[in-house]
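S.K.: Let me give you the structure first, and then I'll get to my questions.
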Amino acid sequence: MVPDYIKYLSRKGYLRDPAFLNYLRYLQYWRKPEFLKLLQQPTCIDIVDMLLQQEIRDELAQTEDFANYFAF
């Protein structure tokens with residue numbers, strides 16, 4: 001389940017790690033049409049976009065209610 005994985009990333013400090021954030025930025029290449037059509041779960045790229053927003057990462061660090069951010 002996506003919220004559990006996001007919770008894990010937050011608790012382990014990945015969402016504060018500059019190297020991990022650079023990796024998330026790198027994953028933006030999946031937005032290109034030639035790659036986007038290959039994704040079985042295209043909403044995953046939207047989650048990457050959300051995790052790149054500082055205000056969302058700050059909220060995730062302060063709350064356990066992750067489902068509000070990733071309601072599918």
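Bear in mind these aren't lab numbers, they're just calculated from the coordinates by the rules spelled out. Note that the structure is a prediction, hence the values are computed from the model and not measured. Note that we place each Cβ from the backbone using ideal geometry, even for glycine, and neighbour counts take in every protein chain shown.
S.K.: Once you list every other residue whose beta carbon is under 11 Å from the beta carbon of residue 45, what net charge do they have if Lys and Arg are +1 and Asp and Glu are -1?
M.R.: On the way: positive: 31, 32; negative: 46, 49.
That works out to 0.
S.K.: In the neighborhood of residue 30, defined by Cβ-to-Cβ distances under 15 Å, what is the net charge if each Lys or Arg adds +1 and each Asp or Glu adds -1? It would help to have the intermediate numbers written out before the result.
M.R.: Values: positive: 25, 31, 32, 37; negative: 34, 46, 49.
So the environment of residue 30 carries a net charge of +1.
S.K.: Which of the GluC sites (Glu not before Pro) found in segment 30-59 are in a DSSP loop and have at most 15 neighbouring Cβ atoms, other than their own, within 10 Å? Walk me through the intermediate numbers first.
M.R.: Values: sites: 34, 55, 59; in loops: none.
The qualifying sites: there are none.
S.K.: I would also like to ask the following. Name the shape class, rounded, prolate or oblate, that the alpha-carbon gyration tensor gives for segment 1-54, where a ≥ b ≥ c are the square roots of its eigenvalues, rounded holds for a/c under 1.5, and otherwise prolate holds if a/b is larger than b/c and oblate otherwise. If you can, show how the numbers build up before the last one.
M.R.: Details: a/c = 2.76, a/b = 1.55, b/c = 1.78.
Note, shape of segment 1-54 comes out oblate.
S.K.: Just flag the trypsin sites (Lys or Arg not before Pro) in segment 1-59 sitting in loop per DSSP whose Cβ has no more than 16 other Cβ atoms within 10 Å. Don't skip to the answer; put the middle values down first.
M.R.: Numbers: sites: 7, 11, 12, 16, 25, 31, 37, 57; in loops: 12, 37.
In loop regions of segment 1-59 (DSSP not H, G, I, E or B), the sparsely surrounded trypsin sites (Lys or Arg not before Pro) are 12, 37.
S.K.: For residue 20, what charge total do you get from the other residues with a beta carbon under 13 Å from its beta carbon, if Lys and Arg give +1 and Asp and Glu give -1?
M.R.: Numbers: positive: 12, 16, 25, 57; negative: 17.
Around residue 20, the surrounding residues sum to +3.
S.K.: Can you work out the FRET efficiency for the pair residue 12 and residue 46, with r the C-beta to C-beta distance and R0 = 22 Å, to the nearest 0.05?
M.R.: On the way: r = 22 Å, r/R0 = 1.01.
It comes out at approximately 0.50.
S.K.: Something else: Label-point separation (nm) for residue 32 and residue 54, each offset 7 Å from Cα along Cα-to-Cβ?
M.R.: 2.9 nm
S.K.: Calculate the length of the line joining the C-alpha centroid of segment 22-54 to that of segment 1-20, in whole Å.
M.R.: Computed from Cα coordinates, the inter-centre distance equals 16 Å.
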